[in-house]
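Student: Mind having a look at this structure? Questions to follow.
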Amino acid sequence: MISIEELDQKAQQIIRQAGQNAYQKMENDYQVDTKTNYTDLVTTIDRENEQLINDQLRKIDPDSQILSEEGFGDQQISNMQGHVWIVDPIDGTMNFVKQHNNFAVMLALYVDGQPTLGYILDVINNRLYHGRKGAGVYANNQKISQPADLGLRESLLAMNRILTLSGDSALKKIAQDAIGLRMYGSAGIEMIGVITGQLGGYISNLKPWDLAAGRMLAEELGLVVKSIDGSSINVLSSNLVLVATRQVSRDIRQIIN
Ligand code: IPD
Ligand code: CA
Ligand code: CA
């Protein structure tokens, strides 16, 4: 059976290929459709990338399950036993279409439910954030160290649009206490912000493919990845997630409780 180290090398090649596909075609070579509503976009590149990634994962790790956003993965994943790959073929599709910037490709491997490999490719900056459990986190080939443990009042915070506009009084207080509020429109780019220390925290409603890779990288760096009330998250369902420094997470819990 192929080792985790070999899977790590192959996965880096696969995600780079998907990034190259998106980069080469982003100016004009694709179609856009809507999914649940007019703000929920999918392009032919999302679908191509997912097929490209899944086809190769099936070759290198045939006994694994694949959980992916656009329908080319396994239809039913009810447990996290064995190898489960989680794929977001383009994260920030709206940015991909409107900005040609601030989007990512994301991939993670969970082994028996444990985050084991994680990849977020910032396509435009050609920077691959990758990590393996116990072996650290890298930006391309440069090792990343744990970000400073700053609190909310010293940190920029990212929050998604729905939560920012929700009118929830606790979320409003959290946003007001932070030194500044940011909204990038890509969970991947926002989680890169937290793991590199540019953001002290990120709060969003995330699906498995939005969360899986960033969670692996953030936990490897000693950051907190929890539900906003401090409870554990279930990677197979949608979650209201906080990715943050320990101090930001304590500050937020004080506001919520
Ligand atoms: C979306 C982006 C966005 C987040 C949404 C995600 P998609 O991913 O990450 O920032 O707020 O919850 O669905 O649909 O572009 O892959
Ligand atoms: Ca996506
Ligand atoms: Ca996504």
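Student: Measuring from centroid to centroid over Cα atoms, what is the spacing of the stretch 12-45 and the stretch 210-257 in Å?
Tutor: That distance is 28 Å.
Student: Continuing with the same structure: Using per-residue counts of other Cβ atoms within 10 Å, averaged over each peptide, order 58-66, 17-25, 109-117, 140-148 from highest down.
Tutor: Highest mean packing first, the order is 109-117, 17-25, 58-66, 140-148.
Student: Using the Cα centre as the reference, give the magnitude of the dipole from point charges on the C-beta atoms of the stretch 4-143 (Lys, Arg: +1; Asp, Glu: -1; all else neutral), rounded to the nearest 20 debye.
Tutor: 420
Student: State the percentage of accessible surface on the stretch 1-47 attributable to carbon and sulfur atoms; use a 1.4 Å probe and exclude ligands, DNA and RNA.
Tutor: 43
Student: Would you tally the net charge around Asn102, using a Cβ to Cβ cut-off of less than 11 Å, leaving Asn102 out, and scoring K and R as +1, D and E as -1?
Tutor: -2
Student: Now for a different question. How big is the C-alpha Rg of the chain next to the rule-of-thumb value 2.2 N^0.38 Å, as a ratio?
Tutor: Expressed relative to 2.2 N^0.38 Å, the Cα Rg reads 0.96.
Student: Pairs of Cα atoms under 8 Å, at least six residues apart: use those to get the relative contact order of the chain, whole percent.
Tutor: 16
Student: Rounded to the nearest 20 Debye, what is the dipole magnitude of the chain about its Cα centre when Lys and Arg each give +1 and Asp and Glu each give -1 at the C-beta?
Tutor: Once rounded to the nearest 20, the dipole reads 700 debye.
Student: Considering only DSSP beta bridges where both residues belong to the stretch 4-143, give the percentage that are antiparallel (nearest 5).
Tutor: Around 90 percent antiparallel, to the nearest 5.
Student: Show Glu154, Glu48, Glu70 ordered by accessible area, largest first, where the area counts protein heavy atoms only and the probe is 1.4 Å.
Tutor: Glu154, Glu48, Glu70
Student: At a 1.4 Å probe, what is the % contribution of carbon and sulfur to the accessible area of the stretch 48-156?
Tutor: 40
Student: Here's a follow-up. Lys/Arg Cβ at +1, Asp/Glu Cβ at -1, dipole of the chain taken about the Cα centre: which of Ala187, Ser204, Gln176 is farthest positive-ward?
Tutor: Result: Gln176, furthest along the dipole toward the positive end.
Student: Ok, one more. Taking all pairs of distinct Cα atoms, average 1/r, flip it, and tell me the Kirkwood hydrodynamic radius of the stretch 172-233 in Å to one decimal place.
Tutor: The answer is 12.2 Å.
Student: Let me ask something additional. Would you work out the charge dipole size for the stretch 152-256 about its Cα centre, treating the Cβ of every Lys and Arg as +1 and the Cβ of every Asp and Glu as -1, and quote it to the nearest 20 debye?
Tutor: 160
Student: Skip the ligands, DNA and RNA, and give the accessible area per residue of the chain with a 1.4 Å probe, whole Å².
Tutor: Counting only protein heavy atoms, the per-residue value for the chain is 46 Å².
Student: Please pull out the direction-averaged projected area of the stretch 16-71, using the convex hull of its alpha-carbon atoms, in nm² to one decimal place.
Tutor: 4.5
The values are calculated or read from the model by the stated rules, or taken from the named source; none is laboratory data. Nothing here was measured: the structure is a model prediction, and the numbers come from that model. All Cβ positions, even for glycine, are placed from backbone atoms using ideal geometry, and neighbour counts span all protein chains on display. With ligands, DNA and RNA removed, areas are computed over all heavy atoms of the protein, side chains included. Shrake-Rupley method; radii C 1.70, N 1.55, O 1.52, S 1.80 Å.
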